[in-house]
1. I'd like to check something: does the stretch 269-286 contain any residue that is at pLDDT below 95, touching a strand residue (DSSP E or B) at 6+ places or on another chain (Cβ under 9 Å), surrounded by fewer than 24 Cβ atoms within 10 Å (Cβ to Cβ) and not hydroxyl-bearing (Ser, Thr, Tyr)?
2. Filter the stretch 415-433 down to the residues that are in a helix (DSSP H, G or I) and within 27 Å of residue 319 (Cα to Cα) and list them by number.
3. Please count how many residues of the stretch 363-383 are over 19 Å from residue 261 (Cβ atoms) and either open to solvent by 50 Å² or more (accessible area, probe 1.4 Å) or in a strand (DSSP E or B) (or both).
4. Inside the stretch 294-342, can you point out the residues that are touching a helix residue (DSSP H, G or I) at 6+ places or on another chain (Cβ under 9 Å), part of a loop (DSSP other than H, G, I, E, B) and either on the phi < 0 side of the Ramachandran plot or crowded, with 17+ Cβ neighbours inside 10 Å (or both)?
5. Being open to solvent by less than 30 Å² (accessible area, probe 1.4 Å), in a helix (DSSP H, G or I) and out of contact with any strand residue (DSSP E or B) (no Cβ under 9 Å at 6 or more places or on another chain) is the filter here, so list the residues in the stretch 396-414 that pass it.
6. Condition check: part of a loop (DSSP other than H, G, I, E, B), closer than 26 Å to residue 240 by Cβ, open to solvent by less than 50 Å² (accessible area, probe 1.4 Å) and modelled with pLDDT of 95 or more. Does residue 179 satisfy that?
7. Restricting to the stretch 49-93, name every residue that is open to solvent by 10 Å² or more (accessible area, probe 1.4 Å), in a helix (DSSP H, G or I) and within 15 Å of residue 161 (Cα to Cα).
8. When only residues in the stretch 10-36 that are of a type in the set (S, T, N, Q) and within 20 Å of residue 208 (Cα to Cα) count, which is nearest to the chain's Cα centre (by Cα)?
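The values are calculated or read from the model by the stated rules, or taken from the named source; none is laboratory data. What you see is a predicted model; the values in this text were computed from it and never measured. Cβ atoms come from the backbone with ideal geometry, glycine included; neighbour counts cover every protein chain shown. Note: areas computed on protein heavy atoms with side chains; ligands, DNA, RNA excluded. Shrake-Rupley method; radii C 1.70, N 1.55, O 1.52, S 1.80 Å.
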Amino acid sequence: MKITFTVNGDERTVETRPLTRLLDLLRDGLELKGCKEGCGEGECGVCAVIMNGRLVNACMVPAMQAGGAEILTIEGLGGESNPDPLQRAFVEEGAVHCGFCTPGMILAARALLEQVPAPSLGQTKTALSGNLCRCTGYNRIFAAVNKAATDGYQPAPSGRGRRLAPEFDPKEQEHFFCPESLDEALDILAVRPHLTLLGGGTDIGPDMKAGRLRPKGVVDISNLPELRVLERRADEMLRIGACVTDSELMESPLVRELFPALYRAAAECAAPAVRNRASIGGNLCSASGAADLPVALLALGASLCLRSQGRERIVPAHEFIKGYRKPDLQPGEILAEILLPVPPAGSAQAFYKRGSRAALTLSRVSVALYVERDNGRIIACRAGAGSMSPTPVRLPRLEAALSGRNLGPETTALAVQTIREELDPRKSPAYRKAIAGNLVRRFLESL
């Protein structure tokens, strides 16, 4: 496969394999050693680069998705003789330490300062939450970012690039595809239903590294315009394309205003470099019990539009995940859209998650709740939970216990008791039941 992209301002054309990681392409193909491998699963941020204006982990980007991209690595900021002001700030504040995490850390800081010239400490911590420093020198790192901002550091906006399909060799042309429309993708799958769909790549990279997945071929659907929509329809439904990223969900005024539970789930599911790639459809189709977005979607009454050649199915979200890693996708079918009914006035919703780390952690407990109220009385309720069973689940007993009751201490106590009885966690049941009950209590008391 031959691809052309721009790295640090220079256009480069290279030959590589379609699923070669961008990390390996930069390090081994272009000798840009500042991009390093740490975990290889998107959790440490050591390989972070800026691609098309977004911070990404290079270990999660297949080469076939880099065609036409504009990529900035640490080498593109400056060298020993002409360091970038942000690099100087790291040196002057003693924020370099052993240096292993520094390139990714600086690029994460650069991505932040492009968007927020004078970030608060909280904003800095959030922006760098996906970058681990094993030397535990975070305070000096935060001080370096603050120094650069205080000194008036104003980086030029990173290039956005353009989509440029790779040139596959004859053998690859039977197995790797970059369609330009959903219909074209469905035509390919109708003939080759065994191919793996590639969206944000946040699962496929780690799964291949761990040996859990060996794709026989790939269809890249990440840039199909039909899967990138996010709009409110006249029928009071919000349409979200399956390849809309977590970051795009967070940036959408419609999502923030109408579906704060979904906003919180997107914000808490990962750190920025992963959110910039991970998609809502991928989170559903991975069909993992620890997935965050499906829990919120269960409580919000979502339905899913599944498309195949000449056919469309609408499936309720709570029926889509049949088992662990088993979504209800038939051969040749693609999850195209998530449909969310716009909630009426007086409704309330929330998403809560507990894990071992504030960013990029698998949930140990996740709960989402939605209620409609009338004069202090709950007239409708939906609830979902994750990380306590092989798949995210609806909680019908809790929903029934709350529906028709007046808000107050007795209803709250009943809800806490009901969810603790309804849940059947696989591990640490007492802990998970207690936390879930506490989260339900918090929600109801907030009303």
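1. Looking through the stretch 269-286, none of the residues is at pLDDT below 95, touching a strand residue (DSSP E or B) at 6+ places or on another chain (Cβ under 9 Å), surrounded by fewer than 24 Cβ atoms within 10 Å (Cβ to Cβ) and not hydroxyl-bearing (Ser, Thr, Tyr).
2. Of the stretch 415-433, the ones in a helix (DSSP H, G or I) are 415-422, 429-433.
Across the stretch 415-433, the qualifying residues are 415, 416, 417, 418, 419, 420, 421, 422, 429, 432, 433.
3. To start, the set of residues in the stretch 363-383 that are over 19 Å from residue 261 (Cβ atoms) comprises 374-377.
Narrowing the set further to residues that are either open to solvent by 50 Å² or more (accessible area, probe 1.4 Å) or in a strand (DSSP E or B) (or both) leaves 374-375, 377.
Qualifying residue count, the stretch 363-383: 3.
4. Within the stretch 294-342, 300, 302, 309, 328, 329, 331, 332, 333, 342 meet the criteria.
5. The one that is open to solvent by less than 30 Å² (accessible area, probe 1.4 Å), in a helix (DSSP H, G or I) and out of contact with any strand residue (DSSP E or B) (no Cβ under 9 Å at 6 or more places or on another chain): 412.
6. So residue 179 fits the description; yes.
7. 65
8. Selected residue: 20.
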